[in-house]
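Asks: First, the structure itself, so that you have it in front of you.
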There are 2 protein chains.
Amino acid sequence: MAAAGGSKTLVEIFYDVVSPYSWLGFEVLCRYRHNWSIELRFRPAFLGGIMKETGNQPPAMVPKRGEYMMKDIKRMAKYYQVPLQIPKDFVGSVIRKGSLSAMRFITAVDMTQPQFLEPVSRELWMRIWSRDEDITQPESILAAAGEAGLPSALAQKLLAMTSTPEVKNRLKETTEEALKYGAFGMPAVVAHVNGEAHLFFGSDRLELLGKVIGEKWLGPVPAASKPRM
Amino acid sequence: MAAAGGSKTLVEIFYDVVSPYSWLGFEVLCRYRHNWSIELRFRPAFLGGIMKETGNQPPAMVPKRGEYMMKDIKRMAKYYQVPLQIPKDFVGSVIRKGSLSAMRFITAVDMTQPQFLEPVSRELWMRIWSRDEDITQPESILAAAGEAGLPSALAQKLLAMTSTPEVKNRLKETTEEALKYGAFGMPAVVAHVNGEAHLFFGSDRLELLGKVIGEKWLGPVPAASKPRM
């Protein structure tokens, strides 16, 4: 049930821009802010850390699962109306290069310019998961920041912040918080209902999330929303 | 799109009664026969063989994933209105004992008494995944067959068939067919649209299945159906 007295249900989404399913979940929840009585809180965390701590492995480590996942991602993206494309060199772009620098930058944005958190995250997804572009180099990150509307001088300052203990620790803390909720992968969506935290893994439990918070699932593109994507 | 000329879209569900998500998918598809223009084909296969051939592992092998899965199954079962309960000794009942004898019996039913395939499968799920009862012993299997309405003498005959090469080979063949479609776990749902086979893994892609076959998802308990469960 939505909380009484008109207050909104807090829904947190722990995500990493290296994760395509995180992007799908992120966009759909952004749309549902206009349909459901939720306060959506973005929680940038580090998927590499979650996999390491839980002993989980990317699903693509089982070849047949990897093959399926590529098809599944494409089908889901089309149905969810998110312009997601699989990078040509999946292992090189996604697994080997990873997202640590990007997630540190996003964390710096979250700490100091939270109004840019949503568009900066989206632009980084657009780079790696739509246009098959790098997200590890400083110029890549600055380009994404520019697309998101961050003034250049400010983006440079945030980039410098990414090597500070404050930013590194904040990313670690958010990752640890996801682990405490029971996350073993991403996205990890946590709904707070009557003082209880309900974890949903993946972008395919949003109908169930709706049920738990007393809201109706209206498909991935609900009418009241104007999808950015 | 549904096939032209009023013919129904063939949808196959490869399942094993050891798999709780298979039960959820099975029941929901049984309901949707009344809402969607589909010909639903039950394909009993052996999950152990699929895991072995693909190098896949039960998700519970990652402890945090296992913990989540138990909660997820309970939530899904409630929402899907299937009376599923987690067995007390999950590893002993599900992983160690397995389902080979049950799936051979179901295969014998499929080969000779296909009109009993749906209720026999359901009764075996009821035993292991609702009442925490054994499904490996001959008396367990006969009890399930009795609940499904199979005359006792016929059930005895089918039980004797389970040790024949014909039944063993048929179960192997069905399992291999699932593997050919790309399955790496269960349920594996295969929709045949315009000569192309579309694989959906799990019980959480049924909305997407609807999209691919040109039918509308109406939630897990569509109004036109009378859920048996």
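The values are calculated or read from the model by the stated rules, or taken from the named source; none is laboratory data. Source: prediction; values computed, not measured. FYI the Cβ positions are ideal-geometry reconstructions off the backbone, even for glycines, and counts take in every protein chain you see. These area figures cover heavy atoms from the full protein model, side chains too; ligands, DNA and RNA do not enter into them. Shrake-Rupley method; radii C 1.70, N 1.55, O 1.52, S 1.80 Å.
Asks: In peptide B:58-67, how many Cβ atoms from other protein chains are near each Cβ within 10 Å, on average?
Replies: Counting other chains' Cβ atoms within 10 Å and averaging over B:58-67 gives 4.
Asks: Still on this model: Non-local amide H neighbours of A:L10 (under 5 Å, H modeled in plane, Pro and chain starts lacking H): which ones?
Replies: Those lying under 5 Å, H to H, from A:L10 are A:E39, A:H192.
Asks: Putting +1 on Lys and Arg Cβ atoms and -1 on Asp and Glu Cβ atoms, find which of B:S203, B:V91, B:I38 reaches farthest to the positive end of the dipole of the stretch B:9-213.
Replies: So the residue we want is B:V91.
Asks: For chain B, set up a Gaussian network in which alpha carbons nearer than 10 Å are linked by springs, and say which option among B:L208, B:L179, B:L84 fluctuates the most.
Replies: Comparing B:L208, B:L179, B:L84 in a Gaussian network model of chain B, the most mobile one is B:L208.
Asks: Next question, about the same structure. Cut-off 19 Å, label point 7 angstrom out along Cα-to-Cβ of B:N169: give me the residues of the stretch B:67-108 whose amide nitrogen falls inside.
Replies: Residues B:104-108 qualify, since their backbone N sits under 19 Å from the label point.
Asks: Nearest 20 debye, what's the magnitude of the dipole of chain B about its Cα centre given +1 on Lys and Arg Cβ and -1 on Asp and Glu Cβ?
Replies: Result for chain B is approximately 400 debye, rounded to the nearest 20.
Asks: Give the residue list of trypsin sites (Lys or Arg not before Pro) in the stretch B:51-159 that are DSSP loop and have at most 13 other beta-carbon atoms within 10 angstrom.
Replies: Of the trypsin sites (Lys or Arg not before Pro), the ones in loops of the stretch B:51-159 whose Cβ has at most 13 other Cβ atoms within 10 Å are B:K88, B:R131.
Asks: In addition: With no solvent and one point on each alpha carbon, what is the Debye value of log10 I(q)/I(0) for chain B at q = 0.13, 0.14 Å⁻¹?
Replies: Debye intensities relative to I(0), on a log10 scale: -0.75, -0.88.
Asks: Whole-Hz Karplus ³J(HN,Hα) for the stretch B:65-70, in order, using 6.51 cos²θ - 1.76 cosθ + 1.60 and θ = phi - 60°, x for Gly and Pro?
Replies: For the stretch B:65-70, the Karplus curve yields 5, x, 4, 4, 4, 4 Hz.
Asks: Here's something else I'd like to know. What three numbers, in Å, describe the spread of the alpha carbons of the stretch B:1-125 along their principal axes, ordered from the longest?
Replies: 50, 32, 28
Asks: Turning to a different aspect of this structure: Just grab the label-to-label distance for A:T136 and B:E118, each label 7 Å out from Cα along the Cβ direction, in nm (one decimal).
Replies: Once both label points are built, they end up 5.4 nm from each other.
Asks: Here is a further query. Between the stretch B:190-211 and the stretch A:27-53, what's the alpha-carbon centroid distance in Å?
Replies: The distance from the Cα centre of the stretch B:190-211 to that of the stretch A:27-53 comes to 27 Å.
Asks: Principal axis lengths of the protein assembly as shown from Cα atoms, whole Å, largest first?
Replies: Principal extents (Cα only, largest first): 83, 46, 39 Å.
Asks: Could you derive backbone 3J(HN,Hα) for the stretch A:170-183 from the dihedral phi with the Karplus parameters 6.51, -1.76 and 1.60 (θ = phi - 60°), listing whole Hz in sequence and x where the residue is Gly or Pro?
Replies: 4, 5, 4, 4, 5, 5, 5, 5, 4, 4, 5, 6, x, 5
Asks: Cα atoms only, the stretch A:56-112: Rg and Dmax in Å?
Replies: Over the stretch A:56-112's Cα set, Rg and Dmax evaluate to 14.1, 43 Å.
Asks: Turning to a different aspect of this structure: When the helix-only estimate is applied to chain B (DSSP H runs of n ≥ 4, each -39,500 (n - 2.57), divided by the residue count), what is the mean residue ellipticity at 222 nm, nearest 500 deg cm²/dmol?
Replies: Theoretical 222 nm ellipticity from helices: -15000 deg cm²/dmol.
Asks: Same structure, new question: Could you tell me the center-to-center distance, by alpha carbons, between the stretch B:92-127 and the stretch A:109-171 in angstrom?
Replies: 54
Asks: Can you give the direction-averaged projected area of the convex hull of the alpha-carbon atoms in the stretch A:154-229, in nm²?
Replies: 7.7
Asks: Same structure, new question: Using only the heavy atoms of the protein chains and a 1.4 Å probe, how would A:M161, A:M186 rank by accessible area, largest first?
Replies: Accessible-area ranking of A:M161, A:M186, largest first: A:M161, A:M186.
Asks: Looking at chain B, send over the antiparallel percent of its DSSP beta bridges, to the nearest 5.
Replies: Rounded to the nearest five, the antiparallel share is 60 percent.
Asks: Then there's this: I need the calculated FRET efficiency for the pair A:L154 and B:L154, taking r as the beta carbon distance and R₀ as 56 Å, to the nearest 0.05.
Replies: Between A:L154 and B:L154 the formula returns 0.15.
Asks: Around B:S37, under 10 Å between beta carbons, what's the net of Lys plus Arg minus Asp minus Glu among the other residues?
Replies: It works out to a net charge of 0.
Asks: Another question, if that's okay. Through the Karplus equation 6.51 cos²θ - 1.76 cosθ + 1.60, θ set to phi - 60°, convert the phi angles of the stretch B:135-148 into ³J(HN,Hα) values in whole Hz; use x for Gly and Pro.
Replies: 10, 9, 7, x, 5, 5, 5, 5, 5, 4, 4, x, 4, 7
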